[in-house]
1. Considering every Cα-Cα pair within the range 475-616, what fraction, in whole percent, is farther apart than 17 Å?
2. Per 5 Å bin from zero, what fraction in whole % of the C-alpha pairs of the range 359-405 is there, up to the bin with the longest pair?
3. Mind giving me the nanometre distance, one decimal, between the label points for W578 and L305, set 7 Å out from Cα along Cα→Cβ?
4. Apply 1/(1 + (r/R0)^6) to the Cβ-Cβ distance of R461 and A513, taking R0 = 41 Å, and write down the FRET efficiency to the nearest 0.05.
5. Any idea which of P394, A251, V440 is furthest toward the positive side of the dipole for the chain, if Lys and Arg beta-carbons carry +1 and Asp and Glu beta-carbons -1?
6. Counting each DSSP H run of 4 or more residues in the chain as -39500 (n - 2.57), what helix-only mean residue ellipticity at 222 nm follows after dividing by all residues, to the nearest 500 deg cm²/dmol?
7. Once fully extended, how much extra length lies between A595 and R453, figured as 0.36 nm per residue of separation less the alpha-carbon to alpha-carbon distance?
8. DSSP loop trypsin sites (Lys or Arg not before Pro) in the range 351-417 with at most 15 other Cβ atoms within 10 Å of their Cβ, which ones?
Amino acid sequence: MTSRQTAETRVLPALPPRLTLAVMSVGALAAAIIVMTAFGPDSGSRLPATLTHLAAMAAAVLTCGLLLAAGWLLPLHGRSLSAAALRLCRMSTAMALVAALAAVTHVVIDVSTFLDVSPAAAVTSDAFWTLLAEVRAYRGDLGQAALALLAGALALAVRRPAETLVPLGLALLSTALPAIVGHAASGHRHVLGTMSMAAHAWAAALWVGGLAAVVIGARLVPTADTALVRRFSRLALGCFLTVAASGLLSAALQLNGPRDLLTTDYGVVLTAKIAALVGLGCLGLIHRRRVIQAPSRSSGDFAALAALELLIMGAAMGLAAGLTAVQPPSASAATQPGSAAEAILGYALDAPPTPATLLLPVHLDPFGLLVTVLVGVPYVAGVLTLRRRGDQWPWHRSLAFGAGVLLIVLVTCTGTGRYAAALLSVHMAQHMTLNMIAPVLLALGAPITLALRALPPAGRRTLLAAMRSRVGRFLTLPIVATAIFVGGLYGLYFTPLFELAMSHHWGHLLMQAHFLASGFLYYWMVLGVDPDPRRSSRLLHIPMLVLVMLTHTIFAVVLVFGGTPIGGDYFDSLQLDWARPLLDDQALAGGIAWAVGEFVTIAVLAGLILRWFADADRADRRQRERRRPQGTERR
């Protein structure tokens, strides 16, 4: 390699991993100590607990970044992870162990501080175990430790990029648990607060941990510097925007107004976090202009910028750790919920639903917002990519997909989303839309075909590899897709899972995701608009539809004539005086399930039959064209 090639390839300086960790640690420790000394109540006794919390947070973030770099940023060795990637996986296991130990230590120190005894005496006392069972924050810390240990153990077994997804997902969950059980979980809009904090924690973990892992990875694979920076840059921009948006939303929920930013302790620390975010955004812009767009520049610029960015990121984590010990203004000004429903749901429902209250009010539901961002925006970007290339995309595909996304937003981000958590009948209308109507429209939009045409070659190869993988081929078995679609219906409503999902915000989000994902998988298989890795016979689609029709009918009959309310304890706990009797509302829910299920199934069946006739007619015309003698004119 020539010196010029080396200069153009070499972007990152060879910063040792220890120096990378040291730079982040200096910023984090300094910020946490300043916050606790200036604003934290009982700063002397609370400082050890804050520092252990910071250590758990930083180690979990680094675990995420190392797994991200190992599986998706570093170059591969064939189809397997390279030796450098495997070394990053081993580092992630060490960081996961540190995160677990720090989280458990934080709980022990915090409880001992609260009981005003030594840590050894606290662990052996009965009060310790009582507090673990009653305090949600402690359960979140212990959950973080368990998830981190599991992620670290699985990281040792990965050998291919796709195998890093499971430990990476567990590590991301471990970073979000302490965040979603903090101040956001106790606010008035705790549903939106917990989801915004989860998004904030996940984006920050990928961003901060990713940058540290990129610097460490450049040390292990010096020739991959440019590729590392460019791949991470695209991810970093999305993480930055997500951190900014979710942070602003969380701040709006925790503050009583802009004045609190300068007049309260919580606001001052939050202002410092905002300043750190703005600084990181400016450094990212400088990185893009000086390094990514001009790789021939000296790596000294990046060395200084990377060190400064890691220092600020560490300081931001220190501010976040210290912020957990400062009471937000909304907590001091908060009043007791006016009703049981408001305490459970986070909002009041003072009157029965009407057509106006079901459609007009805006309800910022996390699931509807996520679908819009993660499903709708990429589809629009794909269509625009084709148009910029001069390629055409059928307008009716875009119309069908857009209608599906719009329906999802209408049943989640309006009054329907508010009442779906309180009435089984409204919940069933939302369920049928997410599970049957919207998936049909999304599948008709041919998103897989669009992705294969719009993605760059590397993205197409990844998507095709995922579809043809063992997991992809298993999920696209007709019997498996049908079992997931039907089994989820019975397994949810006729077991304690329904009441568990309705009683927890995370459970409700997972339930909505299951409705949409299982419905899309099933109708994607049945409609066959996109390429099917198994190319299943169309003759199988009719029995699949008939089976679903029968099972939905049985399900609806059980709801209409059942004598035991589904989720009765949960709905009773809301104490809605205006609500109709549970069995009457359940009968209405059964009627909705039957009507929507039959209509959608018959419509899909009719559409398939008409398409088969049309395909047969086109095949006959082609056959006649081939048999017509040459030189014979068509009449």
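Any read-out appearing in this document is the output of simple, stated calculations on the displayed coordinates, not a laboratory observation. This is a predicted model, so every value here is computed, not measured. With ideal geometry, Cβ positions are generated from the backbone for all residues, glycine too; neighbour counts draw on all protein chains shown.
1. On the way: 6601 of 10011 pairs.
Result: 66 percent of Cα pairs exceed 17 Å.
2. Pairs per bin, as whole percents: 5, 18, 23, 21, 15, 9, 6, 3, 0.
3. 5.7 nm
4. Details: r = 27 Å, r/R0 = 0.65.
With a Förster radius of 41 Å, E is 0.95.
5. P394
6. On the way: 31 runs with 471 residues, N = 635.
Theoretical 222 nm ellipticity from helices: -24500 deg cm²/dmol.
7. Additional length available on full extension: 47.4 nm.
8. On the way: sites: R387, R388, R389, R397; in loops: R389.
Those that pass, being in a loop and sparsely packed, are R389.
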